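Worksheet: the structure to be examined is printed underneath.
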Amino acid sequence: MPSASCDSLLDDIEDIVSQEDLKPQDRHFSRKHVVPKVRKRNTQKYLQDENSPPSNSTIPGIQKIWMRTWGCSHNNSDGEYMAGQLAAYGYEITENASDADLWLLNSCTVKNPAEDHFRNSIKKAQEENKKIVLAGCVPQAQPRQDYLKGLSIIGVQQIDRVVEVVEETIKGHSVRLLGQKKNNGKRLGGAPLDLPKIRKNPLIEIISINTGCLNACTYCKTKHARGNLASYPIDELVDRAKQSFQEGVCEIWLTSEDTGAYGRDIGTNLPALLWKLVEVIPRGAMLRLGMTNPPYILEHLEEMAKILNHPRVYAFLHIPVQSASDSVLTEMRREYCVADFKRVVDFLKEKVPGITLATDIICGFPGETDQDFQETVKLVEEYKFPSLFINQFYPRPGTPAAKMAQIPAQVKKQRTKDLSRVFHSYNPYDHKIGERQQVLVTEESFDSKFYVAHNRFYEQVRDTSAFSSQRFLQSEKVVK
């Protein structure tokens, strides 16, 4: 192979660079005359886009939410807690359903009409292409119903996680949280009581002291949703009451599926709770008790009478009898007889002057005879209850009563009308009309002046036992 010859040898590859070439540092400084071109940004448009995300955005926390709640005060309290958490996170709670991006529907499973309204609202939301989150007792009790398929559900004990469910639903996902709150295997009363809340009435705080009950009534669907009794500790309830009073609340409503059963699962009882609450009620504020079934108040009658006579506790109690026929009560599995109910009523009327006692009646329960119904009519005529909730029986799916032989619809309707007629035949507050008219002057400006009136006419209030600020000294009778 021919050998290659070179006139000169290169000591290193760097020698290839010409002596005239710019060195790296010189190349850098030669750019000093280059002027960068600046692109101006439309600051106004940028800020507008930053503050107003597009309407189809899936960023959580910017959407409008419309809420609808059906049912009892316990359910209403749950709804207020959910609204509070969503608002605290940044969502806008709107009163206009058509403007909302998402509908949160908080249901009641007590009667068929309430569930029908719930189902119709779901259908309407779907027709309007709204995002949907379902809550309350209907989806908790029967989450596999066909009309609930593919929809997000927040369980009755999971309301503290409503923000998570709403976030995922807005992103297009379907989420279902239906579990129970437990601590070391023991079921709790529910979500924490110190959550943010938007109260429908800023003067009233509804506190759920326990969830579930100890009964197994054959007609009740709520038991399927709320389960067995689970009570909150007394100190947590007292702390919640204190917090509410600090936030400007002037009235506390205690609620649950059965307030009388409170504490039996944690080694305490309702009177023990009430005495602790009474200690923290400030001047000008009041406490109102919720519904209690007869069996669980019988052993505490003396203490309950003392509490109901306290100047900062409304002399009111809701004790549902459902029927004045022992045979019907047995079929209902109510665990008391009519004599037990009368004993409670007679004792409280004697020991708590002017007490207002409310009760519930179910007309047309399976097997109810004409004689059974007449016994109920006689009970109403005898006690002339100032507040009476008359309900036509509705068989709820999955309950034992739904499998019983049903009374014809026209008979149930007629009995409901007949009992309503009896109810409207008497006037329980005739002797209080003068005092009632004096106090009702303040009702036109209820929200701002109610408690001024409350203090001014306190003695009249005690005598007539106002049982709620919404129906303050109301002598008109309510039929539901």
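The values are calculated or read from the model by the stated rules, or taken from the named source; none is laboratory data. Bear in mind that the values here come from a model prediction, so they are computed numbers and not experimental data. When we count neighbours, we look across all protein chains shown, and the Cβ atoms used for this are built from the backbone with ideal geometry, even at glycine. Areas reflect the complete protein model, heavy atoms only, side chains present, ligands, DNA and RNA absent. Shrake-Rupley method; radii C 1.70, N 1.55, O 1.52, S 1.80 Å.
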Review point. Regarding residue 405, is this residue at pLDDT 95 or above, outside any helix (DSSP H, G or I) and of a type outside the set (Val, Ile, Thr)?
Key: yes
**Study point:** Criterion (among the β-branched types (Val, Ile, Thr), part of a loop (DSSP other than H, G, I, E, B) and in contact (Cβ under 8 Å) with a residue 40 or more places away in the chain) met by exactly one of 163, 138, 156
**Key:** 156
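Yes/no matrix, rows are residues, columns are (1) under 20 Å from the mean Cα position of the chain (by Cα); (2) surrounded by 17 or more Cβ atoms within 10 Å (Cβ to Cβ); (3) over 30 Å from residue 406 (Cβ atoms):
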{"position": "111", "(1), (2), (3)": "yes, yes, no"}
{"position": "118", "(1), (2), (3)": "yes, yes, no"}
{"position": "133", "(1), (2), (3)": "yes, yes, yes"}
{"position": "158", "(1), (2), (3)": "yes, yes, yes"}
{"position": "171", "(1), (2), (3)": "no, no, yes"}
{"position": "184", "(1), (2), (3)": "no, no, yes"}
{"position": "196", "(1), (2), (3)": "yes, no, yes"}
{"position": "210", "(1), (2), (3)": "yes, yes, yes"}
{"position": "217", "(1), (2), (3)": "no, yes, no"}
Check your understanding: Has the range 179-186 got any residue that is touching a helix residue (DSSP H, G or I) at 6+ places or on another chain (Cβ under 6 Å) and without any contact (Cβ under 8 Å) to a residue 24 or more places away in the chain?
Key -> no
Practice item. Considering each residue of the range 374-426, count those that are within 19 Å of residue 291 (Cβ to Cβ) and either in the same structural domain as residue 139 (by the TED database) or of a type in the set (Val, Ile, Thr) (or both), and give that number. Key: 3
Point to revise | Top-ranked residue of the range 237-262 - restricted to ones that are closer than 22 Å to residue 195 by Cβ and assigned to a loop (DSSP other than H, G, I, E, B), ranked as nearest to the chain's Cα centre (by Cα) | key: 256
Check your understanding: Residue check: is residue 239 open to solvent by 30 Å² or more (accessible area, probe 1.4 Å), modelled with pLDDT of 95 or more, at negative phi and in contact with an Asp or Glu (Cβ under 9 Å, 6 or more places away or on another chain)?
Key -> yes
Point to revise | Pair list, Cβ under 7 Å, 6 or more apart: the range 394-405 residue among the small types (Gly, Ala, Ser), other residue in a helix (DSSP H, G or I) | key: 398/224
Practice item. Test residue 386 against the stated conditions and say whether it is within 29 Å of the chain's Cα centre (by Cα), farther than 25 Å from residue 141 by Cβ and either of a type outside the set (A, V, I, L, M, F, W, C) or open to solvent by less than 40 Å² (accessible area, probe 1.4 Å) (or both). Key: yes
Point to revise | Within the range 250-293, considering residues that are β-branched (Val, Ile, Thr) and within 10 Å of residue 210 (Cβ to Cβ), the one most open to solvent (accessible area, probe 1.4 Å) | key: 266
Check your understanding: Is one or more of the residues making up the range 192-211 in contact (Cβ under 8 Å) with a residue 60 or more places away in the chain, touching a Lys or Arg at 6+ places or on another chain (Cβ under 7 Å) and assigned to a loop (DSSP other than H, G, I, E, B)?
Key -> no
Review point. For the range 77-102, how many residues meet the condition of being open to solvent by 30 Å² or more (accessible area, probe 1.4 Å) and either over 14 Å from residue 163 (Cβ atoms) or assigned to a loop (DSSP other than H, G, I, E, B) (or both)?
Key: 6
Check your understanding: What is the residue count in the range 219-236 for residues that are assigned to a helix (DSSP H, G or I) and either open to solvent by 10 Å² or more (accessible area, probe 1.4 Å) or aliphatic (A, V, I, L, M) (or both)?
Key -> 7
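Residue-wise test of (1) within 31 Å of the chain's Cα centre (by Cα); (2) among the β-branched types (Val, Ile, Thr).
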residue	(1), (2)
288	yes, no
304	yes, no
307	yes, yes
339	no, no
347	no, no
361	yes, yes
376	no, yes
392	yes, no
